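The structure under discussion appears below in the form of structure tokens.
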Amino acid sequence: KQASCIQYRLVVRDANTLQILQLYTCLDQIQHLEWSADSLFILCALYKRGLVQVWSLEQPEWHCKIDEGSAGLVASCWSPDGRHILNTTEFHLRITVWSLCTKSVSYIKYPKACQQGITFTRDGRYLALAERRDCRDYVSIFVCSDWQLLRHFDTDTQDLAGIEWAPNGCVLAVWDSCLEYKVLLYSLDGRLLSAFCAYEWSLGIKSVAWSPSSQFLAIGSYDGKVRILNHVTWKMITEFGHPATVNNPKIVVYKEAEKSPPLGHLACPPPRVAAGPLTSSESKYEIASMPVSLQTLKPAADRANPRIGIGALAFSPDNYFLATRNDSVPNAVWIWDIRKLRPLAVLEQLCTVRAFQWGPQQPRLAICTGGSKVYLWSPAGCVSVQVPGEGDFQVLSLCWHPSGDSLALLSKDHFCLCFLEMEEGMRMAFGQRGDCT
């Protein structure tokens, strides 16, 4: 199933046909929606009203309303069991845990407002929460079955920016803000296993990602490099640079290029804004000859949050590949071979890369640049696919179906389902969106 919201309406559709299955009406505009893990319930957060409404797919007449009252609401999410909701109040005063089964309420104090302050283990047994009290950073680990505190310990960070469990649930990664380069690795019982610092006195960590096997931790830094730590010694085994000029003959550089119009076609293309995404014209990939100079962006030195460093990185589901984007080379996506610890390919787009995501079942990477195309890479090669339809459908973000057979492409006001059919190519269906999940 597929859910989307349009102002105060929640629409549930069949994920293959987009046929409407259920319509729900909320009390106000929906700012956030989320499926429960078993897909039996949908959470709708109405932050302006401090409300959460929950709807049942099995029993459409059943519904639940949670009102945080004067405390307000800034975030809401499901617990892994799909029967508890965690609401974060305004100013991060507390997290309220609501049970749909027993109607009981639990409170967790001092949650820290940071980039990634809450993380569950993949098996759903434990919750790790970043806290800030008495001007120091702490981490609390809770048992999700009864929300009892298991461990509480302080972290050697100046301003904790994020935490994330390894996929196997055995190690918790904690990293500091960009002002100090520090990654701390803790065991489930709160013991410090290792600390890593690559350099000092410069902007530090920008992105962090675990490999699905928990064997590697990739750290993207503001110096334009990715450093890989191993799970045995927690030492760095390699670092990946992102040079503006590629001259390694073992790297395949795919450059996106506009397709030439067919003979007899109007010679003058329609005007377009030079800095904006390509819309109507189709494109293809060409393999560039070495050396290749990638388009670089000179960051503004007098502004906060400079566009430098590794802003996005993700491992493929089979652990074989790592995709990265250096924000100072915004049009390029790098693909790294993790088995050989070397660069494999670079995809240089005509426009800035907005988002990329690996398919959940196969090493297949989907990329969007804010234009009317979606790009797919696999070890066999890459392809540019035009999104059909009237007008310009600008793909701003994308999301894979858990089966890996289809993609949801999201523009500002609409969404498109893209079906990957190996024999017939790709099939697409459209719908209206306010938000989509």
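Every number here is computed from the coordinates shown, using simple stated rules; none is lab data. As the structure is a prediction and not an experimental result, all values here were calculated from the model. Because the Cβ atoms are built from the backbone with ideal geometry, glycine has one as well, and the counts that use them run over all protein chains shown.
Taking 56 Å as R0, compute the FRET efficiency from the Cβ-Cβ separation of Lys103 and Glu421 and round it to 0.05. Given R0 = 56 Å and the Cβ-Cβ separation, E is 0.75.
Close amide H partners of Thr157, meaning residues 5 or more places away or on another chain with modelled amide H under 5 Å apart, are Asp137. Of the options (1) 23.0, 73; (2) 31.2, 103; (3) 25.4, 120, only one is Rg and Dmax of the Cα atoms in Å as computed from these coordinates, and that is (1). Oblate is the label for segment 34-144, because a/c, from the alpha-carbon gyration tensor with a ≥ b ≥ c as root eigenvalues, is 1.5 or above and a/b does not exceed b/c. Distance between the pseudo-spin-label points of Arg122 and Tyr320 (7 Å out from Cα toward the beta carbon): 1.8 nm.
Multiplying the residue separation of Ser260 and Asp156 by 0.36 nm and removing their Cα-Cα distance gives an extension gain of 31.7 nm.
Site pair Ile6 and Glu200 shows an inter-label distance of 5.9 nm when each label is modelled 7 Å from Cα along Cα→Cβ.
Bridges between two residues of segment 64-182, per DSSP, are antiparallel at a rate of about 95%. A Förster radius of 25 Å combined with the Cβ-Cβ distance from Lys65 to Ser145 puts the calculated FRET efficiency at roughly 0.50. Loop sites by DSSP among the GluC sites (Glu not before Pro) of the chain, restricted to those with at most 15 other Cβ atoms within 10 angstrom, leave 62-199 as the longest stretch without any of them. How many percent of DSSP beta bridges within the chain run antiparallel, rounded to 5? The answer is about 95 percent antiparallel. Using a Gaussian network model of the chain with C-alpha springs under 10 Å, which one of Thr96, Thr245, Thr324 is most mobile by mean-square fluctuation? Result for the chain, Cα springs under 10 Å: Thr245 fluctuates most. Of the trypsin sites (Lys or Arg not before Pro) in segment 145-246, the ones in a loop by DSSP (not H, G, I, E or B) with at most 14 other beta carbons within 10 Å are Arg191, Lys235. In percent, rounded to a whole number, the relative contact order of the chain is 8, using alpha-carbon pairs under 8 Å and six or more apart. Using the Cβ-Cβ distance between Lys284 and Leu21 with R0 set to 41 Å, the FRET efficiency from 1/(1 + (r/R0)^6) comes to roughly 0.60. Of all stretches in the chain that contain no chymotrypsin sites (Phe, Trp or Tyr not before Pro) in a DSSP loop with at most 12 other Cβ atoms within 10 Å, the longest one is 202-437. Could you pull out the pairs from Lys259/Lys298; Lys235/Lys340; Lys65/Lys103 whose alpha carbons sit more than 22 Å apart here? Check vs 22 Å cut-off fails for Lys259/Lys298.
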